[in-house]
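Below is one structure, written out as structure tokens, with a few remarks after it.
The values are calculated or read from the model by the stated rules, or taken from the named source; none is laboratory data. Please read these numbers as outputs of a predicted model, since none were measured by experiment. Here the Cβ positions follow ideal geometry from the backbone for every residue, glycine too, while neighbour counts run over all protein chains shown.
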Amino acid sequence: MAVLRLRGRELDLARGVVMAIVNRTDDSFYAAARYTDDAAALAAVERAVAEGAEIVDIGGIRAGRGPRVSADDEIARVVPFVATVRDQFPDVILSVDTWRSAVAREAARAGADLINDTWAGHDPGLAEVAAAEGVGVVVSHTGGALPRTDPLRVAYPDGVLADVLARLAAGAARAVEVGVDPASVLVDPTHDFGKNTWHSLELVRHTARLVELGFPVLMALSRKDFVGETLGLETDERLEGTLAATAVAAWHGAGVFRAHDVAATRRTLDMVAAIRGDLPPVRAVRGLA
């Protein structure tokens, strides 16, 4: 299994790593993850760490369509909070969800360990910032979609899997070429972004092919539209579908899971790891005593 190293700390991907979501916005698609108030956001971080999150991913702008948020506004929402979390939770790994190199630079200097670029290198300077600041980077796939746009009749002539594999391999190679530690590069097939529900289901089904790229695989599955459309459910009813997709992806080797529901995700990953033989039961007395 690939190694994930962020600012010198290595994470156990065999057990699976939970990346908790803390959004500093008032319009995130899942209302329960909106934390515009500093005190509420800090409480969310504390709760996530207590429930087993090793990474906390902080975002300052909704991924989908919505009111314009400038880079300065995004910095104001995210960077001071990163500094506060870094001070109060020195052992947690901090990620910042941004596609803008200016935001990434300030966040890294405030204490972020990872830049989660969900828009596939739209800002070509972001990988260079990650290299210069010594932080990790997530290489994502959007099929060429522009930031904050929704897919419309997206088609991949050679199939979505082939396109995802090719673009992730190229993006990861470029990050390494500009100086990012190869062990600090993650790849994310980026379900829903530039994809329809059939595409996202196919990518879960073929997680093992993504793992073969040789980089830690991040799965951002939590409560997404492909889960909702598959089961005919609204956002607040998508936990079971999310956990089913999480279990499948974990079994096939994905190592990091971005999640709204930390405790449930942690338990799912631990059960998968135990079935696979990578984690012993907490106790095993049945039939023995």
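Listed here are the strands (runs of 3 or more DSSP E) enclosed by the range 1-67 that have at least 3 residues being under 27 Å from residue 132 (Cα atoms), at pLDDT below 95 and in contact with a strand residue (DSSP E or B) (Cβ under 8 Å, 6 or more places away or on another chain), and there are none.
In the range 49-85, which residue that is small (Gly, Ala, Ser) and within 18 Å of the chain's Cα centre (by Cα) is surrounded by the fewest Cβ atoms within 10 Å (Cβ to Cβ)?
64
A single member of 254, 173, 208, 249 is in a helix (DSSP H, G or I) and under 20 Å from residue 115 (Cα atoms), and it is 173. Inspection of the range 28-48 identifies no residue that is within 17 Å of the chain's Cα centre (by Cα) and under 29 Å from residue 176 (Cα atoms).
This table checks each residue for (1) touching a strand residue (DSSP E or B) at 6+ places or on another chain (Cβ under 6 Å); (2) more than 28 Å from residue 113 (Cβ to Cβ); (3) in contact (Cβ under 8 Å) with a residue 12 or more places away in the chain.
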{"residue": "177", "(1), (2), (3)": "no, no, no"}
{"residue": "194", "(1), (2), (3)": "no, no, yes"}
{"residue": "199", "(1), (2), (3)": "no, yes, yes"}
{"residue": "203", "(1), (2), (3)": "no, no, yes"}
{"residue": "223", "(1), (2), (3)": "no, no, yes"}
{"residue": "266", "(1), (2), (3)": "yes, no, yes"}
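Is it the case that the range 86-96 has a residue that's hydrophobic (A, V, I, L, M, F, W, C), in contact with an Asp or Glu (Cβ under 8 Å, 6 or more places away or on another chain), without any contact (Cβ under 8 Å) to a residue 40 or more places away in the chain and buried (at least 24 other Cβ atoms within 10 Å of the Cβ)? Taking every residue of the range 86-96 in turn, at least one turns out to be hydrophobic (A, V, I, L, M, F, W, C), in contact with an Asp or Glu (Cβ under 8 Å, 6 or more places away or on another chain), without any contact (Cβ under 8 Å) to a residue 40 or more places away in the chain and buried (at least 24 other Cβ atoms within 10 Å of the Cβ). Does residue 118 count as touching a residue at least 40 places away in the same chain (Cβ under 8 Å), of a type in the set (Ser, Thr, Tyr) and in contact with a Leu (Cβ under 9 Å, 6 or more places away or on another chain)? No; evaluated as a whole, the condition is false for this residue.
Residues that are in a loop (DSSP other than H, G, I, E, B), among the aliphatic types (A, V, I, L, M), modelled with pLDDT of 95 or more and within 18 Å of the chain's Cα centre (by Cα) are absent from the range 137-156 altogether.
Given the criteria β-branched (Val, Ile, Thr), touching a strand residue (DSSP E or B) at 6+ places or on another chain (Cβ under 7 Å) and without any contact (Cβ under 8 Å) to a residue 12 or more places away in the chain, does residue 138 qualify? So residue 138 does not fit the description; no. Within the range 260-274, the set of residues being surrounded by fewer than 20 Cβ atoms within 10 Å (Cβ to Cβ) and more than 14 Å from residue 249 (Cα to Cα) comprises 263, 264, 267, 274. Looking at the range 217-224, can you tell me whether even one residue there is touching a helix residue (DSSP H, G or I) at 6+ places or on another chain (Cβ under 9 Å), of a type outside the set (A, V, I, L, M) and surrounded by fewer than 19 Cβ atoms within 10 Å (Cβ to Cβ)? No, because not a single residue in the range 217-224 is touching a helix residue (DSSP H, G or I) at 6+ places or on another chain (Cβ under 9 Å), of a type outside the set (A, V, I, L, M) and surrounded by fewer than 19 Cβ atoms within 10 Å (Cβ to Cβ).
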